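Chemist: Take this structure, written in structure tokens, and hold onto it; I'll ask about it next.
The values are calculated or read from the model by the stated rules, or taken from the named source; none is laboratory data. From a predicted model like this one, the values you see are computed outputs, not experimental measurements. Every residue, glycine among them, receives a Cβ derived from its backbone with ideal geometry; neighbour counts consider all protein chains shown.
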Amino acid sequence: MWWIGDIYYILKGDTMCEEVSRTCIKKHLLEQFGLEEAQIDALIPRFCTAMIQNQQELDTAIASAVMADIARAAHKIKGALLNLGLQGAGDCALTIEQAAKQESVSFDFSGVSGKLAEILRPLQQ
């Protein structure tokens, strides 16, 4: 992951593959769903608020160590991210979801959740 200015870039191998920013989301929603800019401008703040709540839900589930709750929270985050065109961040949530479904005791749920929160931080500004 790279930090350039106020935008995080998720890295796959040695190449920059995804920008996590409101501008990137806006572009995706315009292209994929044909929404008007006013609709998108109203939608993005709601998404950001929901994502903060979803991240808190995931952190609570991780603290309780209930794998079904972890998987459910990560699944919710993954779906939201993929709908907004954030494949790399969605893949991060998918990793958490899969580890929880496999009831992995060696997986670093807190560490990966922290990285996901870091990736999404620009959206909270």
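Chemist: What residue, among those in the range 45-67 that are free of Cβ contacts under 8 Å to residues at least 24 places away in the same chain and within 14 Å of the chain's Cα centre (by Cα), is surrounded by the most Cβ atoms within 10 Å (Cβ to Cβ)?
Modeler: E57
Chemist: So, in the range 94-125, exactly how many residues are surrounded by fewer than 16 Cβ atoms within 10 Å (Cβ to Cβ) and within 23 Å of I40 (Cα to Cα)?
Modeler: 3
Chemist: Report, ordered by the first and then the second residue, all pairs with beta carbons closer than 7 Å, sequence separation of six or more or different chains, a first member in the range 68-93 that is surrounded by 19 or more Cβ atoms within 10 Å (Cβ to Cβ), and a second member that is basic (K, R) and at pLDDT 90 or above.
Modeler: If the second residue must be basic (K, R) and at pLDDT 90 or above, the pairs left are A71/K101; G90/K78; A93/K78.
Chemist: Considering only the range 22-73, how many residues are within 19 Å of I119 (Cβ to Cβ), at pLDDT below 95 and of a type in the set (D, E, K, R)?
Modeler: The qualifying residues number 3.
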